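Read through the structure below, which is laid out as structure tokens, and then see the notes.
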Amino acid sequence: MSNLVIRNGEIVTASQRYVADIYCEHGRIKAIGQELQVPQGTEEYDARGKFVFPGFIDPHTHVRMEFMGTFAADDYESATIAALCGGTTTLIDFCIPNRDESPLSAFKTWQEASQGKACSDFTWHMAITRFDDEVERELREIVSRGVASFKVFLAYGGALGVDDEALLGVMKLARELGVVVTAHCENSEMIDTLQKKLVDEGKLGPEWHEPSRPTFVEAEGTRHFCAMARVTGAHGYIVHLSCEEALKEAVEAQLQGANIWIETLIQHLVLDHRDAERPNFEGAKFVMSPPLRDKRNQAPLWAGFDKGMIATLGSDHAPFNMAQKRMGEENFCLIPNGIPSLEDRVRVFFTEGVQKGRIDLHRFVDAASTQAARIFGLFPQKGTIQIGSDADLVVYDPTVKETLSVDTHHMNVDYNPFEGREVEGRCALVTVRGQIQVRDGEFVGEKGIGEFLKREPTHF
Ligand code: DUC
Ligand code: ZN
Ligand code: ZN
Ligand code: ZN
């Protein structure tokens with residue numbers, strides 16, 4: 001690997017903005033300054049007129065996932081190539097054991113799925129679908145191997161969800177070990193009841209998915225999880241918060257002193273329930289959980305980013321092809337939940353957030369990169385531009401306009417939820433530890449170089 005100097009770009013981090021050169025050596029940022037002298041043979045890139053951002057971090061993806069009777073359509077190669085083309089240089093996937101599988105067995109499965117395939121760096125949140133002495137022993141082992149966050153589902157009771165006893169056990173363990181508990185906050189039993197009622201009434205199309213998991217059910221789950229965080233003192237992270245009602249619960253808990261961070265998804269910021277009402281089963285493309293909401297929830301979510309109550313932006317990338325979505329053609333409850341959005345998360349956020357004046361450039365970088373690094377134990381190796389950090393850099397040309405489409409995206413899925421939407425900006429150059437992986441929005445790099453990132457617990 002040759003060394004690289006990126007000259008004259010406008011460097012933007014969560015707190016700084018200035019024009020300088022960045023010299024990368026042996027995978028790290030070695031020097032930042034004006035007219036840097038670099039060794040002979042160093043590759044030069046002129047970033048004049050472009051932004052240079054720290055590589056973006058997606059704190060929530062499902063690259064490998066067995067779910068609702070099928071498998072997510074990407075693998076570590078296709079997902080990380082798509083991620084990189086869109087500026088994401090690190091992703092945090094979920095390692096999810098089946099109900100009676102041991103955590104270490106799932107850990108091995110995720111290792112095998114990723115090693116030698118990932119083209120960007122990655123790590124996992126360890127999901128807990130059962131809690132007993134054996135699981136607890138193995139979780140301690142997994143934390144010692146560098147996994148500093150757990151995941152629990154309050155939803156999906158039959159398959160993945162945990163009851164309160166298990167939840168308390170997990171959160172007490174997390175408190176002791178200093179790891180963050182991430183949580184899907186929707187009440188499973190309430191959803192079962194509402195789904196059954198709608199199905200009995202013959203309401204079977206994708207447009208009934210949202211009414212089966214209304215905002216007050218998510219708000220209740222959110223409140224419940226926040227109370228658990230207060231009781232145990234554990235650090236909690238609410239994934240994919242979708243609506244104003246749940247936001248109010250989480251913010252109230254923050255004000256009461258609970259250690260709670262909030263993540264929202266790009267889908268919830270720009271798509272809405274009308275998308276799930278499209279005719280001819282097209283609405284199935286927009287079935288995910290929590291569901292796309294009424295549009296009036298979007299302004300409070302943007303304000304939550306702007307004011308710092310919401311910490312991070314995720315994708316919840318969960319790619320299912322139309323043939324898989326059709327498993328639920330007769331009954332919306334059987335439509336695999338998920339929207340593919342790993343590739344487009346950053347550019348849609350930039351376009352709708354920064355360019356439309358809803359958030360500033362620093363908050364954009366903070367929410368799409370820095371905060372995830374801080375919360376999940378990757379900072380300052382990832383999430384910023386400073387001497388000693390990994391040289392994961394995105395040179396972003398805001399003057400290029402592109403139209404998002406299934407015809408040009410790199411995700412291994414046969415539709416794009418943002419089809420026809422114009423975005424401002426393209427990733428002119430993307431590096432992973434100093435290695436050029438993307439030029440002008442296309443993957444030009446080396447496959448399989450992605451590394452598993454070991455993380456230390458930091459929340460004591
Ligand atoms: N929600 C989704 O839409 N897909 C994957 C899992 C989840 O919670
Ligand atoms: Zn979820
Ligand atoms: Zn998810
Ligand atoms: Zn392409």
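The values are calculated or read from the model by the stated rules, or taken from the named source; none is laboratory data. All figures in this text were calculated on a predicted structure; none of them were measured in a lab. Positions of Cβ are backbone-derived with ideal geometry, glycine not excepted, and every protein chain shown enters the neighbour counts. All accessible areas refer to the heavy atoms of the entire protein, side chains included, with ligands and DNA or RNA removed. Shrake-Rupley method; radii C 1.70, N 1.55, O 1.52, S 1.80 Å.
Could you please let me know if Ala155 is surrounded by 22 or more Cβ atoms within 10 Å (Cβ to Cβ), modelled with pLDDT under 95 and not β-branched (Val, Ile, Thr)? Yes: the conditions hold for Ala155. Of all residues in the stretch 404-438, exactly one satisfies the criterion of being assigned to a strand (DSSP E or B), within 13 Å of ligand 4 (Cβ to nearest atom) and open to solvent by 50 Å² or more (accessible area, probe 1.4 Å), namely Arg426.
Go through the stretch 66-106 and report how many residues are closer than 23 Å to Lys382 by Cα, open to solvent by less than 20 Å² (accessible area, probe 1.4 Å), in contact (Cβ under 8 Å) with a residue 40 or more places away in the chain and in contact with a strand residue (DSSP E or B) (Cβ under 6 Å, 6 or more places away or on another chain). Within the stretch 66-106, residues that are closer than 23 Å to Lys382 by Cα, open to solvent by less than 20 Å² (accessible area, probe 1.4 Å), in contact (Cβ under 8 Å) with a residue 40 or more places away in the chain and in contact with a strand residue (DSSP E or B) (Cβ under 6 Å, 6 or more places away or on another chain) number 11. Among the residues of the stretch 223-249, those identified as within 14 Å of Gln298 (Cα to Cα) and open to solvent by 30 Å² or more (accessible area, probe 1.4 Å) are Glu244, Glu245, Lys248.
Looking only at residues in the stretch 315-336 that are part of a loop (DSSP other than H, G, I, E, B) and open to solvent by 10 Å² or more (accessible area, probe 1.4 Å), the one that is nearest to Val400 (Cα to Cα) is Asp316.
Checking each residue in the stretch 38-65 for being of a type outside the set (Val, Ile, Thr) and open to solvent by less than 20 Å² (accessible area, probe 1.4 Å) picks out Ala47, Phe53, Pro54, Gly55, Phe56, Asp58, Pro59, His60, His62, Met65. For the stretch 36-45, the criterion of being at pLDDT 95 or above, acidic (Asp, Glu) and over 29 Å from the mean Cα position of the chain (by Cα) is met by at least one residue.
For every residue, the table says whether it meets (1) open to solvent by 10 Å² or more (accessible area, probe 1.4 Å); (2) within 16 Å of ligand 1 (Cβ to nearest atom).
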site	(1), (2)
Val251	yes, no
Leu255	yes, no
His273	yes, yes
Arg278	yes, no
Glu282	yes, no
Met288	no, yes
Arg296	yes, no
Pro300	yes, no
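Would you be able to say whether some residue in the stretch 264-281 is within 18 Å of Tyr156 (Cβ to Cβ) and either acidic (Asp, Glu) or in a loop (DSSP other than H, G, I, E, B) (or both)? No, there is no match, as no residue in the stretch 264-281 is within 18 Å of Tyr156 (Cβ to Cβ) and either acidic (Asp, Glu) or in a loop (DSSP other than H, G, I, E, B) (or both).
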